[in-house]
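This report refers to the structure that appears directly beneath it.
The values are calculated or read from the model by the stated rules, or taken from the named source; none is laboratory data. Small disclaimer: the values here were computed from a predicted structure and weren't measured. Here the Cβ positions follow ideal geometry from the backbone for every residue, glycine too, while neighbour counts run over all protein chains shown. SASA here: full protein model, heavy atoms, side chains in, ligands and nucleic acids out. Shrake-Rupley method; radii C 1.70, N 1.55, O 1.52, S 1.80 Å.
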Amino acid sequence: MNVFQLRSVEGPMCLSLGQGFTTVGQTIGNTFVLNNASISGYHCEIEVADKEVRIRDLQSTNGTFINEQPITEAVLYTGQILQLGSLQFRLECTEVTIAVPPISKPVREEKETARLANGALACSIFPQLPATVACGHCKKPYHLSALRVIQLASAKRKKPLFFCPACNGQCHPLFKLDEPRESFLSELPKKIGSRIRRLFR
């Protein structure tokens, strides 16, 4: 992208030109209002289109010149002198590169599923309790007490539906349980799982 400026040859004045049309003159309503007796009310029109600056004289009294040559319409190139009445400006051009950084997607950290001392899956909400069901959507394991329960008023289905508290996905019993150990605690997930499966039938 090119940024054009008209910098005064004799003073600190600088006119920054944007894309499209601008006008220069003494009358309020111009893009650039120059309070100088040699400038007409509407002196000239400047058109900026990407890499080109075009000047059009608006029938000014004292004329519009490029490198001391009178013009009615002409292209003004970088380094050339534009004279409006008695005021002189040099065209400067700066190339600006706008870099848009790539949008990186956040990395989702997968947390390792917690387990109890006996090796059974732990509930995502109550880690001290064994998981007996898992969400069919987010796959998180839960104890039955952590679920949202909906009882449908239907004669065909009297058993409740269980839903995930995180994503509202429907939960299903865990059919694959860890190998039980010869203790009451190792048998507990299996017994609870058996009861939960009966609820979902």
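Structure above, values below:
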{"quantity": "Residue in segment 175-187 that is modelled with pLDDT under 85, open to solvent by 30 Å² or more (accessible area, probe 1.4 Å) and in contact with a strand residue (DSSP E or B) (Cβ under 8 Å, 6 or more places away or on another chain) present", "calculated": "yes"}
{"quantity": "Within segment 1-89, strands (runs of 3 or more DSSP E) holding 2 or more residues that are under 30 Å from ALA99 (Cα atoms)", "calculated": "2-8, 14-17, 20-25, 44-49, 52-57, 73-76"}
{"quantity": "Of residues in segment 1-28 being over 14 Å from LEU91 (Cα atoms) and touching a Cys at 6+ places or on another chain (Cβ under 9 Å), the one surrounded by the most Cβ atoms within 10 Å (Cβ to Cβ)", "calculated": "VAL24"}
{"quantity": "Looking only at segment 91-128, and only at residues there that are within 30 Å of VAL75 (Cα to Cα) and not acidic (Asp, Glu), the one that is modelled with the highest pLDDT", "calculated": "LEU91"}
{"quantity": "Condition check for ALA131: surrounded by 13 or more Cβ atoms within 10 Å (Cβ to Cβ), small (Gly, Ala, Ser), at pLDDT 90 or above and farther than 30 Å from GLU45 by Cβ", "calculated": "yes"}
{"quantity": "The one condition in (1) of a type outside the set (S, T, N, Q); (2) open to solvent by less than 50 Å² (accessible area, probe 1.4 Å); (3) modelled with pLDDT of 75 or more; (4) not in a strand (DSSP E or B) that ALA166 fails to fulfil", "calculated": "(2)"}
{"quantity": "Test for GLN88: is it of a type outside the set (A, V, I, L, M), in contact (Cβ under 8 Å) with a residue 60 or more places away in the chain and surrounded by fewer than 18 Cβ atoms within 10 Å (Cβ to Cβ)", "calculated": "yes"}
{"quantity": "Condition met for ALA117 (farther than 16 Å from LEU6 by Cα and either of a type in the set (Asp, Glu) or out of contact with any Lys or Arg (no Cβ under 8 Å at 6 or more places or on another chain) (or both))", "calculated": "yes"}
{"quantity": "Test: residue in segment 72-79 that is of a type in the set (Asp, Glu) and open to solvent by 40 Å² or more (accessible area, probe 1.4 Å)", "calculated": "yes"}
